[in-house]
Structure formats: structure tokens, C-alpha cells
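To start, the structure under review is shown below, and the notes come after it.
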Amino acid sequence: MPDRYFVDEPISGDRVILTGAEAHHLIHVMRAAPGLQVVLFDGGGDEFHAVVDRTGRSDVHLSILSRERIDRELPLSLTIGVALPKGDRQKWLVEKAAELGVGRIVPLQTRRAVARPNEQTLKRLRRAVVEASKQCGRNRLMQIDEPESWPDFVEKTAGELNRLLAHPRSATETAGATSSRSCHFNNQDQEPNTRYLLAVGPEGGFVDEETAMALAAGWRAVDLGPRILRVETAAMLLAAMVIQQHQTL
Ligand code: SAM
């Protein structure tokens with residue numbers, strides 16, 4: 001795949017000026033010179049072939065040669081609500097979710113959540129989405145929402161059909177919640193629609209009250225096996241299981 005550069009606003013005419021990190025990469029890493037051909041995308045779904053006209057100190061002027069709609073999205077809409085882990089593991093989660101084709105990440109504030117992402121963190125994670133999209137060829141950006149509390153998330157998503165809560169069987173048994181036992185993923189009782197909401201708890205797990213709230217609202221608990229997975233592993237496994245069920249990998 002040729003080098004791809006992200007343009008932070010919709011491309012409409014036949015000229016583009018790249019600035020910021022993308023221009024920096026072209027000028028200082030790629031040593032771009034007039035005549036170099038690159039691929040641009042603006043997150044709207046199209047891919048643009050372009051040629052460098054000239055480079056400035058911190059900007060690159062390009063002409064658009066062609067525009068093509070290239071769809072590398074999943075044929076299903078996947079949203080993951082997740083209590084983000086700390087540090088580099090946040091970035092790993094976001095990067096892999098973007099690669100897998102997840103449409104949206106909602107950082108969840110739960111009782112035991114360890115990370116409280118601020119604007120700077122969200123900006124850094126959104127930049128990680130751009131980098132992952134450049135690398136994997138996605139022409140639409142995975143969205144990262146503002147953080148939302150678990151009760152708000154559960155309430156707002158009440159009308160959705162396919163809501164899957166990653167919840168270890170052992171945790172459910174400990175809570176004595178026999179009526180809300182986790183079960184292995186089984187596609188036979190899934191609704192025939194292509195919108196999925198997934199939820200993954202923090203390192204310390206959901207508290208019983210949070211689990212009960214979701215189950216009462218119609219979320220289905222999914223056990224991912226006898227090993228306790230880290231947040232980011234659980235999120236990627238559950239996403240991959242849903243994707244694989246739709247045979248769209
Ligand atoms: N002691 C915590 C508990 O029992 O919930 C472990 C939390 S785990 C490190 C973080 C999150 O990943 C959990 O809240 C759950 O959403 C998900 N998770 C981890 N392992 C899982 C498994 N085997 N089955 C289902 N979900 C799992």
C-alpha cells in the first residue's frame with residue numbers, strides 16, 4: 001500500500017495543503033520533493049491520489065489527480081464501551097480496534113475504572129486512530145467519544161438489539177447471580193441485525209450493581225473462557241468473535 005496521509009478537513013477541490021504532523025512526516029521523514037505521488041484520505045470514505053507541487057517549511061502543497069471511493073469497512077456497526085486501561089495499553093486497544101474495523105469507542109467511567117481520560121488523552125488516542133488508519137487502509141476514522149458514565153451508557157443504549165457484556169463466569173458466580181449467568185457466545189439467538197454494542201469492564205471488573213443494571217436492561221453476558229483477560233485483550237477478543245460470526249474478517 002502506498003504511503004497514506006490524512007487531511008483533517010473534507011477534500012473538495014483539486015488542491016490540498018497539508019500541515020501539522022502529516023506535513024512534518026512528508027517533509028522531514030520522506031524528504032518529499034515535487035513530483036512525489038502519495039495517497040490522501042479525509043475520513044469521509046474516499047481515497048485521493050495526489051502529487052506534491054511544492055514543500056514549504058511546515059506545509060506541503062499537492063494537486064489531486066484522482067478520487068475513488070474505496071470501502072474497507074466492516075458490513076456491521078461495532079461500538080465498544082470500555083473502561084480504558086492505563087498508559088500505553090490504551091493506545092494499543094485503540095490501535096487494534098481501528099485495525100479490526102470497530103466504528104466507535106466509548107470510554108466508560110465505572111466504579112473501579114482506573115483511567116479518567118482527559119481532553120489531552122482523547123486527542124492522543126484520536127491521533128492513534130489516524131496512524132492506524134494510515135497503516136491499515138481504512139478511509140473512515142473510528143470515533144472516540146467523550147467519556148460516559150456506565151449508568152448513562154446503559155440508559156442511552158436501551159433500544160439497541162445486540163448488546164454484549166464481557167463478564168467472566170467466575171465473577172457472576174461469585175456475585176451469586178444465577179439468573180444472570182454468563183454464557184458462551186452463541187450466534188443462534190442473536191437478532192438478525194448488524195449493529196452491535198460491546199462492553200468491557202475495568203481491571204477490577206464491574207461491581208455487582210453495575211452488572212445487574214446492564215442485565216436488567218437487556219445486555220447479554222458473554223464469558224470469554226476460564227482465563228481472566230486484560231481489558232484490551234477481552235475487548236479485542238469479543239470484537240473478533242462478533243466480526244468472525246459475520247464472516248467478514
Ligand atoms: N476480577 C475481574 C472480574 O472478575 O471481573 C477481572 C476483570 S478483567 C481484568 C477486565 C474486564 O475484561 C472484565 O470486567 C470483563 O469485562 C473482561 N473480561 C476479562 N476476562 C474475561 C473473561 N474470561 N470472560 C468475560 N469477560 C472477561
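Every number here is computed from the coordinates shown, using simple stated rules; none is lab data. Note that the structure is predicted; figures quoted are calculated from it, not measured. Methodologically, a virtual Cβ is constructed for each residue, glycine included, from the backbone with ideal geometry; neighbour enumeration extends over all protein chains shown.
Once the other residues with Cβ under 13 Å from the Cβ of residue 88 are scored (Lys, Arg +1; Asp, Glu -1), what is the net sum? Each step should come with its number before you reach the end.
Values: positive: 86, 89, 91, 96, 124, 230; negative: 95, 232.
Net charge around residue 88: +4.
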Fill in: Calculated P(r) tail over 27 Å for the range 77-247, as whole % of Cα pairs
19 percent
Fill in: Anchor residue 156: aspartates and glutamates whose Cα lies under 13 Å away (excluding residues fewer than 8 positions away in-chain)
148
Discussion item. I need two numbers for the range 4-69: Rg to one decimal and Dmax as a whole number, Cα atoms only, in Å.
Written reply: 10.6, 32
Worksheet entry | Note, ³J(HN,Hα) from phi for the range 210-218, Karplus 6.51, -1.76, 1.60, rounded to Hz, x at Gly and Pro | 5, 5, 4, 4, 5, 5, 5, 8, x
Worksheet item: Hey, what angle do you get for helix 231-245 against the long axis of the chain, alpha-carbon based, 0 to 90 degrees rounded to 10?
Response: 90 degrees
Worksheet, complete the sentence: The answer for the net charge of residues other than residue 118 whose Cβ lies under 12 angstrom from its Cβ, with Lys and Arg +1 and Asp and Glu -1, is +1
Worksheet entry | Integer Hz, Karplus 6.51/-1.76/1.60 couplings in order for the range 67-83, x for Gly and Pro | 9, 9, 7, 10, 9, 10, 7, 6, x, 9, 9, 10, 10, 10, x, 9, 7
